[in-house]
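The values are calculated or read from the model by the stated rules, or taken from the named source; none is laboratory data. Everything numeric in this text was worked out from a predicted model, so none of it was measured. Heads up, the Cβs are rebuilt from the backbone with ideal geometry, glycines too, and the neighbour counts pull from every protein chain shown. Note: areas computed on protein heavy atoms with side chains; ligands, DNA, RNA excluded. Shrake-Rupley method; radii C 1.70, N 1.55, O 1.52, S 1.80 Å.
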Amino acid sequence: MHPNKSTSSSSSSSSSSLNSEKKLFSKLKVNLTKNYPKKNAEILSGQYGANLLLIGVSVMLALAQHGPAVKNEHLLAFITALMLVQLVWMLCYMIRRERERERGPVQEKDAHASTSWIRGGLTMLALLSLIMDAFRIGSFVGYLSCVSAVIGVYPIVHALHTISQVHFLWFHIKDVIKKYETFERFGVIHAVFTNLLLWCNGVMSESEHFFNTHRRRLTELGYDNLSTVETEPSCNCTISVCSMFSTSLYYLYPFNIEYHIFVSAMLLVMWKNIGRPLELQGSGERPSSRSAGLMLGPMLGLLALASSVTVLVVYLIHIEKSQQTREAAISMFYLYGVVMLSCMCVASGAGLLVYRLEAWPMDTGSNPSRALDSELLLGSSLGSWLMSWCSVVAVLAVGPGSPSFRWTCLVYSLLLVLEKCVQNLFIVESLYRRPRDPDEEPEIFCITPALDSIVNHDKPCSSLEEETPENSRKNSDITLPVRNQLSVTHGRKRQILKNITIFLFMCNISLWILPAFGCRPQYDSGLEQDTFGHSAWTTVLNLAIPMNLFYRTHSVASLFQVFRKV
């Protein structure tokens, strides 16, 4: 009996210890998954994405020195690996989301995360990126004997990545993720920074090409004997269209660059929406798109667009000729910019004045997409502001014998700062205004002869036909059809705002076209380079011009949203 008693006591103690270990393990598992702090997950995934970007930027900085250690193939291999990881994550996400949709109710979606016209615009940019990938593949086939296989694998993976990502944006960008939140945060932030790295790679390639063209132009004009870095492979191309591929490639870079930066912004909104409790949203009715009274804004906008194309063609033709024609081309650009920016300042100020006169309520609800739009407008303005203030310092510091366009450059730079300040205010205020229901009528007031003051009546003024003819004749001189007057006034304000918005919309397109396709007088004037030095000024331009291009495209998207909302 004694050994059995000891055996039973030992078995009970071992089972109790086993149970306690199981409880401890289950508690640890719950603490590591279910109760994991949301803020910690955000910070951890954000740090992961930032370090991915910094690794790529480090490789780009080493590649910019054109040394033998780091080559373009190393950077492309790293970016290709990131795109493949994102492809796997998107495939797993879409499969799991489809299974959840078949098993349970409809998942939550954020109606403000994106619109169909934004996704349609991104689809057009993606198509142009696919054309660029086709040109890259054709160039790889021509130089197949002397280039690395990574040069051919990269455009194939990029094309697959673009097609899959556009599909993901169309059907899943509005999703509010409530399951596997920590894991999905890493997947979404990986996609965000992969697109940011693709944007950085496109900016670096486009800037290097433009800078080589600028150096070659100066050498041909006899200013300096500047060396250029050859980007073509060492062997001869085996097909006859290699030169067409390499030349056309750089005309498509601006569209590819804007595609990736916009995708990263949309995915960042999705990342912010993970685990977010949605507020009660509106009825889902689409904003009114009626365009009655639109004439002055589109006409002036088309005039600005046509003028920009003319200035671009004339500038590119005359900038490669003699010194006199170069100065004339730069002066023409600055004069055009002064007129354009002045008109945009007046239009944005008029829009703000209309808002001061219109008692529209403000929308202060939580909206990550709108908040990100406002932050991106301010953040992307910093690049051109830095470039403008450098130009102001250079003009004021230059001595006698400087070019004749220096004072026009000064006015242009100051107006560029002012224009972005006023336009940012107009766009942000428009985005934060609550959209007014067209059927919503304000409270109606009438003027009565008895009190000779404004009194609130129980019945509206439009019901005057119910009164007697004597009363109607008696009050005909002093009773106003207030409802009609208010609706007409509101309609006129809407027409003014719509005309202002479409004018600013087309002006921003015009100001995007000029630098995107090679009209960059900041490289050609020489004012800033003489003041800050070649290296410092080139660094400023390589930072500021891509940010300015993104600012213009982001303003175009925001203004179209304002146009639909007014």
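A few points about this structure:
- Chymotrypsin sites (Phe, Trp or Tyr not before Pro) within segment 119-204: DSSP coil, no more than 15 neighbouring Cβ in 10 Å: Tyr180
- Here the accessible area of segment 37-117 is 66 percent carbon and sulfur, with a 1.4 angstrom probe and all protein chains present.
- Alpha carbon centroid spacing (whole Å) that separates segment 307-365 from segment 146-192: 37 Å
- For segment 336-347, 3J(HN,Hα) per residue [Karplus equation, 6.51 cos²θ - 1.76 cosθ + 1.60, θ = phi - 60°, Hz, x = Gly/Pro]: 4, x, 4, 5, 5, 5, 5, 5, 5, 4, 5, 5
- Close amide H contacts of Arg433 (hydrogens built in the peptide plane, cut-off under 5 Å, sequence separation of 5 or more or a different chain): Asp363.
- Each of Cys519, His534, Gly491 was placed along the dipole of segment 489-545 (beta-carbon charges, centred on the mean Cα), and the one lying farthest toward the positive end is Gly491.
- Over 21 Å (Cα to Cα) - which of Lys272/Lys420; Lys179/Lys272; Lys420/Lys498; Lys174/Lys420; Lys178/Lys272; Lys109/Lys179 fall in this group: Lys272/Lys420; Lys174/Lys420
- FRET efficiency for Val346 and Ser58, using Cβ-Cβ distance with R0 set to 45 Å, rounded to 0.05: 0.50
- Gain in span if fully extended, Arg434 to Arg96, counting 0.36 nm per residue against the direct Cα distance: 118.0 nm
- Carbon + sulfur, % of accessible area of segment 509-561 - ligands and nucleic acids excluded, 1.4 Å: 64 percent
- Stretch gain in nm, segment Gln323-Leu303, where the contour uses 0.36 nm per residue and the Cα spacing is subtracted: 4.2 nm
- Karplus (6.51, -1.76, 1.60) ³J(HN,Hα), θ = phi - 60°, over segment 111-118, in Hz, Gly and Pro reported as x: 5, 8, 5, 6, 10, 5, 6, 5
- Computed from backbone phi with θ = phi - 60° and the Karplus coefficients 6.51, -1.76 and 1.60, the 3J(HN,Hα) list for segment 196-205 is 5, 5, 5, 5, 4, 5, x, 5, 5, 5 Hz; x is used for glycine and proline.
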